[in-house]
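These notes are about the structure you will find just below.
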Protein chains: 2
Amino acid sequence: TLLEGVLACLTPKLLAGRKILITAGATIEMLDPIRGITNQSSGKMGFSLAAMATRMGAEVTLVYGQTTTSLPPVQHAVHAPSAESMYLAVMQQVAHQEIFIAVAAVADYSPKQTSSQKIKKSEPTLTIELKRNRDILAEVASLPNPPYCVGFAAETEQVIAYASQKRIAKNIPMIIANHAVSAIGNDENTVTIIDDSGHTTLPQSNKIEIAHQILTYLSQQLNTSA
Amino acid sequence: TLLEGVLACLTPKLLAGRKILITAGATIEMLDPIRGITNQSSGKMGFSLAAMATRMGAEVTLVYGQTTTSLPPVQHAVHAPSAESMYLAVMQQVAHQEIFIAVAAVADYSPKQTSSQKIKKSEPTLTIELKRNRDILAEVASLPNPPYCVGFAAETEQVIAYASQKRIAKNIPMIIANHAVSAIGNDENTVTIIDDSGHTTLPQSNKIEIAHQILTYLSQQLNTSA
């Protein structure tokens, strides 16, 4: 669009030529053709990062699940509705990427069995057996020459502590912590950037401004370490 | 909007003064503050019925869950995200309604327990215990002076047979059958109206036109029986 063009012109090209892979949105793990387990991610934070990275000159590949907002203008977009399809899409796209930002709320578990037909409600109770899904971010981080990996941790309690643990467990250089309940679906967000240098809480702002600040911080880290 | 005003002017007032309660969208049954079991209803069919009934002169009360489209212009709208909240909202609104059209894809089961904090992924497998939810449509139909009840049956196989069974089981005069996989999320739909007189398959069309045909058929039934 014209507006996007003007905004891109006005934005310093701090990520010029950088190849960035971003995941966004929620996955849904189907129980049958109609029902599934999902989460309430709107995709706004991931889409804001993808739009802003593009404005800042990056070549963005966006792998996205269920979202409630329209797709931002990026160079490459791949739809991946389930955890398994998102894993495959990321692994297919990850070669030659310099940065990987995993924002998507990927289901941790999926049903052991998916019914090919709608499950009939005959029983008063029902038990669903779930199996653990692969951890996309941890697997990307353990590749031989991994991109610079940035995770997102949406927590409901002990936000900074859990996010810090997650950063170490996944062996990634940077994680963005936020408070799940206030952030999900909202246009505004408060986040804390956690890396080797400690943690930096950004002032509350809308998600596109948060994206700008995260990517500016990230570009500084990459230029320092290069 | 102006367009809606013009469309309303051009639409015959076949439902003038009728009070109609419509449910639309999907419910989500939370496992924890972030994750839940839902289904892929977009809310388009229910919203189309609500918009068209309003244009046709009805006083519409819309009880809606998760949707991917914007709320149509109706006189009363109540948000009800879960099966339980939708049950309560419908029971609160149902008095004095002449017609009840249950389009929402209400979850048949919900978790026995909802965690107040995000569940941590520590285990390789997980078992979720579900309990059967109340059947909103069947309960409305069994009220002492029920409104004229219309159900929707989204099926993946034996569509007409399952929908006919559902009409009898719920003791409702009319059910609209559709093929779930092709209908969900699409703007177009093919439906079959099933009532005491047999079944009538409408030509494939967009959901607003389908809504118009269903409501025209319904108004004829009500005028005949009155």
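Every number here is computed from the coordinates shown, using simple stated rules; none is lab data. Since the structure is predicted, the reported quantities are computational estimates derived from the model, not experimental observations. Cβ placement follows ideal geometry from the backbone for every residue including glycine, while neighbour counts extend to all protein chains displayed.
Structure values in brief
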quantity: DSSP-defined antiparallel bridges as percent of all bridges, the stretch B:94-226, nearest 5; calculated: 55 percent
quantity: Inter-site label distance for residue B:70 and residue B:122 at 7 Å from Cα along Cβ, in nm; calculated: 4.6 nm
quantity: ³J(HN,Hα), Karplus 6.51/-1.76/1.60, whole Hz, each residue of the stretch B:194-201, x for Gly, Pro; calculated: 10, 8, 4, 7, x, 9, 10, 8
quantity: Within the stretch A:11-52, backbone nitrogen closer than 13 Å to the virtual label 7 Å beyond the Cα of residue A:143 toward Cβ; calculated: A:19-23
quantity: Sequence-separation-based contact order of the stretch A:55-197, relative, with Cα cut under 8 Å and 6+ spacing, percent; calculated: 17 percent
quantity: Gap separating the Cα centres of the stretch A:152-172 and the stretch B:46-104, nearest whole Å; calculated: 41 Å
quantity: Gyration tensor (alpha-carbon) shape descriptor, the stretch B:129-226, a/c threshold 1.5; calculated: oblate
quantity: Cleavage-rule hits (GluC sites (Glu not before Pro)) in the stretch A:155-206: DSSP loop, at most 13 neighbouring Cβ within 10 angstrom; calculated: A:157
quantity: Cα-centre dipole for chain A with unit charges at Cβ (Lys and Arg positive, Asp and Glu negative), debye to 20; calculated: 360 debye
quantity: Amide proton proximity set for residue A:148, modelled H, under 5 Å, gap of 5+; calculated: A:99, A:100
quantity: Among B:159, B:103, B:150: highest mean-square fluctuation, GNM of chain B, C-alpha pairs under 10 Å; calculated: B:159
quantity: Highest-MSF residue in chain A out of A:216, A:61, A:114 [GNM, Cα springs under 10 Å]; calculated: A:114
quantity: Karplus 3J(HN,Hα) series, Hz, for the stretch B:57-71 with 6.51 cos²θ - 1.76 cosθ + 1.60 (x for Gly, Pro); calculated: x, 6, 9, 9, 10, 10, 10, 10, x, 6, 9, 10, 10, 7, 4
quantity: Per-residue average of Cβ from other chains inside 10 Å of B:105-111; calculated: 3
quantity: Dipole moment magnitude, nearest 20 debye, the stretch A:16-62 about Cα centre, only Lys, Arg, Asp, Glu C-beta charged; calculated: 240 debye
quantity: Mean shadow area of the stretch A:72-145, taken as a quarter of the surface of its Cα convex hull (nm²); calculated: 7.3 nm²
quantity: Net +/- balance of residues flanking residue B:15 in space, Cβ distance below 13 Å, scoring K and R +1, D and E -1; calculated: +2
quantity: Loop-located trypsin sites (Lys or Arg not before Pro) in the stretch A:1-66 whose Cβ has at most 16 other Cβ within 10 Å (DSSP); calculated: A:13
quantity: Debye log10 I(q)/I(0) at q = 0.11, 0.13 Å⁻¹ for the protein assembly as shown, Cα point scatterers; calculated: -0.91, -1.13
quantity: Rounded to 5, the percent of DSSP beta bridges in the stretch B:10-64 classed as antiparallel; calculated: 25 percent
quantity: Cα gyration tensor shape of the stretch B:112-181, rounded if a/c is under 1.5, else prolate or oblate by comparing a/b with b/c; calculated: oblate
quantity: Surrounding net charge for residue A:208, when Lys and Arg each add one and Asp and Glu each subtract one, Cβ distance under 14 Å; calculated: -1
quantity: Centre separation in Å (Cα based) which lies between the stretch B:198-226 and the stretch B:16-44; calculated: 23 Å
quantity: Most mobile listed residue (A:71, A:130, A:21) in chain A, GNM with C-alpha springs under 10 Å; calculated: A:130
quantity: Value of [θ]222 nm, deg cm²/dmol, for chain A, DSSP H segments ≥ 4, -39500 (n - 2.57) each, nearest 500; calculated: -9500 deg cm²/dmol
quantity: J(HN,Hα) series, the stretch B:100-114, from Karplus relation 6.51 cos²θ - 1.76 cosθ + 1.60, nearest Hz, glycine and proline x; calculated: 10, 10, 9, 9, 3, 8, 7, 4, 6, 10, 9, x, 5, 10, 10
quantity: Label geometry 7 Å along the beta-carbon vector: residue B:88 inter-copy distances in nm; calculated: 4.2
quantity: Paired Rg and Dmax values of chain A, which use every Cα atom, in angstrom; calculated: 17.9, 62
